[in-house]
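Everything on this sheet refers to the single structure shown next.
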Amino acid sequence: MGIDWASIKTEYITTNTSYRKLAQKYGVSTTQICNVGKDEGWVEQREQFLNKTTAKTIEIISQQEANRAAKIHSVADKLLNKIEAMADSGRPM
């Protein structure tokens, strides 16, 4: 059975696993992984993956925070309207 380079590459790019740990896990030498990784630009691909993941995470968190702020604003407006209505009616607060 041959070396599953696709799995090794995917695991390296998408995790924080080292070449050494991958070599142990997949039963190949660290030198082999280093050579293939260098030839195929795994370090750069990992960096690109992390940058995309970070950007997507920031986008999701930003949207959640924007939704939360909009909800707080909406609730505050409703509360203010009720307070104004009570004040205008002359009822004690």
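The values are calculated or read from the model by the stated rules, or taken from the named source; none is laboratory data. Here the structure is a predicted model, which is why all the values come from computation and not from measurement. Heads up, the Cβs are rebuilt from the backbone with ideal geometry, glycines too, and the neighbour counts pull from every protein chain shown. Surface areas here come from the heavy atoms of the whole protein model, side chains and all, with no ligands, DNA or RNA. Shrake-Rupley method; radii C 1.70, N 1.55, O 1.52, S 1.80 Å.
Annotations for the structure displayed:
- Residues that are among the aromatic types (Phe, Trp, Tyr) and open to solvent by 70 Å² or more (accessible area, probe 1.4 Å) do occur in segment 45-55.
- Within segment 29-41, the presence of at least one residue that is part of a loop (DSSP other than H, G, I, E, B) and surrounded by 10 or more Cβ atoms within 10 Å (Cβ to Cβ) is confirmed.
- If the condition is being part of a helix (DSSP H, G or I) and without any contact (Cβ under 8 Å) to a residue 24 or more places away in the chain, then segment 2-28 contributes 6, 7, 10, 11, 19, 20, 21, 22, 23, 24, 25, 26.
- Filtered by the rule that a residue be within 23 Å of residue 1 (Cβ to Cβ) and either of a type in the set (D, E, K, R) or within 13 Å of the chain's Cα centre (by Cα) (or both), segment 16-68 gives 20, 21, 25, 39, 40.
- Residue pairs whose Cβ atoms lie under 6 Å apart, sitting 6 or more positions apart in sequence or on different chains, and linking a residue in segment 29-41 that is closer than 19 Å to residue 14 by Cα to a partner that is hydrophobic (A, V, I, L, M, F, W, C) and open to solvent by less than 80 Å² (accessible area, probe 1.4 Å), are 30/23; 33/22; 33/23.
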